[in-house]
Amino acid sequence: MRKTRILITSCSLFAVALLTWAQSTRKAGLWEVTSTMTWQQSPMPAGMSANPNSPFGGGSHTNQVCVTQAQIDRYGSLPPQTRGDCQVTNIQKRSDGMTATIACTGRMNATGTVDSTWSDDEHAKSKIHLTGTMQMGPNTKPVEWTVESTSSFKGADCGSVQPAPMPADK
């Protein structure tokens, strides 16, 4: 259960990272991201409910994310928090947002889409939808979830919030 919780948390962080993905006009600094995860198909056994604060419980979570100028130059904003399990491809940038495809392998095999829009360089909205399967002990369970997020720029100083490391090119 702990490894699955870490995997789901990693996917949630991945969603948060993708939310702040944008064009080079985005601002480096501290961003606040509020994400709401909704399960269409949870790996939890039927009749079993999850703690609302756990990754299986869905609900809203707010995180602060530090975005560096190097990350903006390379990715448009925060690099994907994939821990090597997910790849983002087919990135299509528009004047008001971006779309992309996600493919994850390992304990979770899933594919999905990202659609992010912004009204200005300080506000964004994103929707990420993933479907696939997840290894739960000896069993494979179908999963499907959506993460909808909003983000707002808080200031150029990240304070104690550390930026995510830049992954190496593959």
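The values are calculated or read from the model by the stated rules, or taken from the named source; none is laboratory data. As the structure is a computational prediction, the values presented were derived from the model and not from experiment. We place every Cβ from the backbone using ideal geometry, glycine too, and count neighbours over all the protein chains shown.
From the set of residues in the stretch 114-138 that are among the acidic types (Asp, Glu) and either in contact with a helix residue (DSSP H, G or I) (Cβ under 6 Å, 6 or more places away or on another chain) or part of a strand (DSSP E or B) (or both), which is surrounded by the most Cβ atoms within 10 Å (Cβ to Cβ)?
Among those that are among the acidic types (Asp, Glu) and either in contact with a helix residue (DSSP H, G or I) (Cβ under 6 Å, 6 or more places away or on another chain) or part of a strand (DSSP E or B) (or both), it is ASP115.
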Condition (residue is surrounded by fewer than 16 Cβ atoms within 10 Å (Cβ to Cβ) and at pLDDT below 85) applied to the stretch 77-84: is it met by at least one residue?
yes
Restrict the check to the stretch 149-163 and report whether at least one residue is among the hydrophobic types (A, V, I, L, M, F, W, C), crowded, with 16+ Cβ neighbours inside 10 Å, outside any loop (DSSP other than H, G, I, E, B) and modelled with pLDDT of 90 or more.
yes
Determine, yes or no, whether PRO55 is more than 18 Å from VAL143 (Cβ to Cβ), at pLDDT below 85 and in contact with a helix residue (DSSP H, G or I) (Cβ under 6 Å, 6 or more places away or on another chain).
no
The number of residues in the stretch 89-113 that are farther than 20 Å from PHE153 by Cβ, surrounded by 19 or more Cβ atoms within 10 Å (Cβ to Cβ) and not small (Gly, Ala, Ser) is 3
